[in-house]
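Undergrad: The structure follows.
The values are calculated or read from the model by the stated rules, or taken from the named source; none is laboratory data. Since we're looking at a predicted model, the values are computed, not measured. Cβ placement follows ideal geometry from the backbone for every residue including glycine, while neighbour counts extend to all protein chains displayed. What goes into the accessible areas is simple: the full protein's heavy atoms, side chains included, and nothing from ligands, DNA or RNA. Shrake-Rupley method; radii C 1.70, N 1.55, O 1.52, S 1.80 Å.
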Amino acid sequence: MSHVVIVGGGFAGVWAAVAAARVRGGLRITLITPGDDMVLRPRLYEPDPERAALPLRAVLAPIGVHHLRATVEAIDVEARVVHADGAAVGYDRLVLAAGSRLVRPEVPGARRLFDVDTIEGARRLAAHLKGRRDVTSVVVGAGFTGLEIAAELAARGRVVLVEQAEVVGPDLGSGPRPAIEQALDDLGVERRLRTTLAAVEDGAAVLSDGTRIPSDTVVWAAGMRASSLTAQIPGRRDALGRLEVDARMRVTGDVFAAGDVAAARFDAEHRVVQSCQHATPMGKTAGHNAAADLLGLPPIDFDPAPYVTDLDLGAAGAVYTRGWEREVAFTGTRAKEIKQWIMERIHPPVDDVRQLLALAGQVNLPVPF
Ligand SMILES: Cc1cc2nc3c(=O)[nH]c(=O)nc-3n(C[C@H](O)[C@H](O)[C@H](O)COP(=O)(O)OP(=O)(O)OC[C@H]3O[C@@H](n4cnc5c(N)ncnc54)[C@H](O)[C@@H]3O)c2cc1C
């Protein structure tokens, strides 16, 4: 029986598994990931990290996908084998969906840093903050994640947001910036621009300009990089370590890639961004094509929905933008309602197999706002 192996149990891996199961035709499908849960990373800035965990068995068991709890250490493309916790697993088609990780800085005291990159990191931060008020937090990195966690932490006390660029949200462009600045002002979030972190002491953050901020809550939120497994696949990689894929998510030969490990073209001008918004349709495309390739069925092309962003700004609401120019469509309460709607929608349905399989067939699912 031909074997589709998927590495990773996040958005891209899970949706690749569901899409492959939808095509099926007598294929064996195995998803390899170390944890029992699918972790919905976009929810990890929320106060309760447990809301970001969904048991993988609830999705995979009803559709007959085998879950191998293991970490892949090596991929042998010539032999068509992955090595996971010492076991060799052969494949006929491989979907690499091992995601990304925050790159931690090499500064003195870096082990004291908190993060909301993994569920373990978010749990550690939640336990540290439990029952506390008047906490001074330092958040390093004013990109999407840094802004969300800074706005959330503002409910607990003073927040200092540190950013090496000249502006907050440097990659978000000028469209939403006035709304973001206004929200940070409303929340009382202080900004230190053109500045970075020099060291984390016991009870203080030391900034590159020499300022020492008393704080036992220093959160690192700058810099993501694709899984290092990408280096084991022959192919071109971009500055984030992502593999170049074609419109069918194929890297080379029998290997497909999806999600934060893949630099697919969104359109003639843009590559996808590392986001669940893109990981989900990429996973569906890769899973379908890996299975269809083995069964001699027609492939599908990656067809993403129009690009939107919705940045949670805590008690100040949110800012929702449309398009790559990030034109602001909604702010405040309305944008926050849409964010909450999105956060619910990113959970794959677990109580309705037909709906799950039907969703896998809908690659282009726009947010209807
Ligand atoms: C705080 C935060 C907020 C975010 N907010 C948003 C947002 O609002 N909107 C948005 O679109 N995106 C957001 N993102 C980004 C989004 O979460 C990621 O782009 C998305 O999770 C990528 O999905 P993925 O499946 O490619 O990878 P991941 O979700 O990273 O999943 C990777 C999977 O691979 C597994 N894995 C890794 N290495 C191995 C290995 N060696 N062997 C086996 N398994 C392995 C992991 O355990 C995991 O199951 C946010 C991220 C964070 C951290």
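Undergrad: Over the stretch 79-138, give the accessible area per residue in Å² for a 1.4 Å probe, as an integer. List each step's numbers first, then the result.
TA: Values: 2940 Å² over 60 residues.
On a per-residue basis, 49 Å².
Undergrad: Through the Karplus equation 6.51 cos²θ - 1.76 cosθ + 1.60, θ set to phi - 60°, convert the phi angles of the stretch 59-76 into ³J(HN,Hα) values in whole Hz; use x for Gly and Pro.
TA: Taking θ as phi minus 60°, the curve returns 8, 7, 4, x, 9, x, 9, 7, 9, 9, 7, 6, 10, 7, 9, 8, 10, 10 Hz for the stretch 59-76.
Undergrad: Just the accessible area for residue 73, please: 1.4 Å probe, Å², rounded to the nearest 10?
TA: Accessible surface of residue 73 is approximately 90 Å².
Undergrad: Applying 1/(1 + (r/R0)^6) with R0 = 22 Å to the Cβ-Cβ distance of residue 246 and residue 2, what FRET efficiency is obtained, to the nearest 0.05? Could you put the intermediate results ahead of the total?
TA: On the way: r = 21 Å, r/R0 = 0.97.
Calculated transfer efficiency: 0.55.
Undergrad: Got a number for carbon plus sulfur as a percent of the stretch 165-276's accessible area, 1.4 Å probe? Before the final figure, lay out each step's value.
TA: On the way: 2350 of 5040 Å².
The C+S portion of the solvent-accessible surface of the stretch 165-276 is 47 percent.
Undergrad: By DSSP, what percent of the beta bridges with both residues in the stretch 104-220 are antiparallel, rounded to the nearest 5? Kindly include the intermediate steps, with their values, before the conclusion.
TA: Details: 7 of 19 bridges.
Counting only bridges with both partners in the stretch 104-220, antiparallel ones make up about 35 percent.
Undergrad: About the Cα centre of the stretch 104-220, how large is the charge dipole given +1 on each Lys and Arg Cβ and -1 on each Asp and Glu Cβ? Please answer in debye to the nearest 20. Mind showing how you got there, number by number?
TA: Numbers: 15 positive and 18 negative charges, 79 e Å.
In debye, rounded to 20, the stretch 104-220 gives about 380.
Undergrad: Further, regarding this structure: From largest accessible area down, sort 293, 301, 202; use a 1.4 Å probe on the protein chains. Write out the running numbers ahead of the final one.
TA: Working: 293 55, 301 80, 202 130 Å².
Of 293, 301, 202, the descending order of accessible area is 202, 301, 293.
Undergrad: Let me ask something else about it. Could you name the lysines whose alpha carbon sits less than 28 Å from that of residue 130, not counting residues in the same chain fewer than 8 places away?
TA: Once the sequence-local lysines are set aside, what remains near residue 130 is 336, 339.
Undergrad: Would you please give the FRET efficiency between residue 305 and residue 340, computed as 1/(1 + (r/R0)^6) with r the Cβ-Cβ distance and R0 = 25 Å, to the nearest 0.05? Don't skip to the answer; put the middle values down first.
TA: Numbers: r = 19 Å, r/R0 = 0.77.
It comes to 0.85.
Undergrad: Residue by residue through the stretch 320-326, what is 3J(HN,Hα) from phi via Karplus (6.51 cos²θ - 1.76 cosθ + 1.60, θ = phi - 60°)? Round to whole Hz and write x for glycine and proline.
TA: 10, 10, 10, x, 6, 7, 6
Undergrad: Now for a different question. Can you work out the Karplus-derived ³J(HN,Hα) for every residue in the stretch 260-270? Use 6.51 cos²θ - 1.76 cosθ + 1.60 with θ = phi - 60°, whole Hz, and x for glycine or proline.
TA: These are the phi-based 3J(HN,Hα) values: 5, 8, 10, 9, 6, 7, 7, 8, 4, 9, 10 Hz.
Undergrad: Count the DSSP beta bridges whose two residues both fall in the chain, then state the antiparallel fraction as a percent rounded to the nearest 5. Please report the intermediate quantities before stating the final value.
TA: Working: 35 of 65 bridges.
Rounded to the nearest five, the antiparallel share is 55 percent.
Undergrad: Separate question: At 1.4 Å probe size, put 252, 217 in order of accessible surface, largest to smallest.
TA: Most to least solvent-accessible, the answer reads 252, 217.
Undergrad: Given H placed 1.01 Å from N in the peptide plane, which residues other than close sequence neighbours of residue 114 have an amide H under 5 Å from its amide H?
TA: 218, 219, 220
Undergrad: Could you size up the charge dipole of the chain around its Cα centre, putting +1 on the beta carbon of Lys and Arg and -1 on that of Asp and Glu, and report it in debye to the nearest 20? Mind showing how you got there, number by number?
TA: Numbers: 42 positive and 46 negative charges, 88 e Å.
Here the chain has a charge dipole of around 420 debye.
Undergrad: Mind listing the long-range amide H neighbours of residue 6? Cut-off is under 5 Å, sequence gap 5 or more, other chains count too, H placed in the peptide plane at 1.01 Å from N.
TA: Distant-sequence amide H within range of residue 6: 30, 31, 32, 95.
Undergrad: What FRET efficiency, computed as 1/(1 + (r/R0)^6) with R0 = 30 Å and r the Cβ-Cβ distance, is obtained for residue 352 and residue 297, rounded to the nearest 0.05?
TA: Details: r = 25 Å, r/R0 = 0.83.
Once the sixth-power term is evaluated, E becomes 0.75.
Undergrad: Something else about it: Heads up, I need the accessible area for residue 7: 1.4 angstrom probe, whole protein in place, Å², nearest 10.
TA: 10 Å²
Undergrad: Taking +1 at the Cβ of each Lys and Arg and -1 at the Cβ of each Asp and Glu, which of 100, 116, 131 sits farthest along the dipole of the stretch 95-174 towards its positive end, judged by Cα position relative to the Cα centre?
TA: Positive-end residue among those listed: 131.
Undergrad: Once neighbouring chains are kept in place and the probe is 1.4 Å, which whole percent of the accessible area of the stretch 329-369 is contributed by carbon and sulfur? Don't jump to the answer; show the numbers that get you there.
TA: On the way: 1260 of 2420 Å².
Roughly 52 percent of what the probe reaches on the stretch 329-369 is carbon or sulfur.
Undergrad: Ignoring ligands, DNA and RNA, what percent of the 1.4 Å accessible area of the stretch 61-132 is carbon and sulfur? Could you put the intermediate results ahead of the total?
TA: Numbers: 1850 of 3620 Å².
Here it works out to 51 percent.
Undergrad: From largest accessible area down, sort 224, 249, 1; use a 1.4 Å probe on the protein chains.
TA: Details: 224 65, 249 0, 1 160 Å².
So, going from the largest accessible area down, we get 1, 224, 249.
Undergrad: Separate question: Taking only protein heavy atoms and a 1.4 Å probe, what accessible area per residue, in Å², does the stretch 212-369 have with all protein chains in place?
TA: Working: 7000 Å² over 158 residues.
Dividing the accessible area of the stretch 212-369 by its residue count gives 44 Å².
Undergrad: Let me ask something else. At a Cα cut-off below 15 Å, give the aspartates and glutamates reachable from residue 284, other chains included and same-chain residues fewer than 8 away excluded.
TA: Partners found: 246, 260, 293, 301, 303.
Undergrad: Quick query: amide H of residue 192 versus all other amide H atoms, modeled in the peptide plane; which residues come in under 5 Å with a sequence gap of 5 or more or a different chain?
TA: For residue 192, whose amide H was placed from the backbone, the distant partners under 5 Å are 161, 162, 163.
Undergrad: Further, regarding this structure: Using only protein heavy atoms and a 1.4 Å probe, report how much of residue 328 is accessible, in Å² to the nearest 10.
TA: It works out to around 60 Å².
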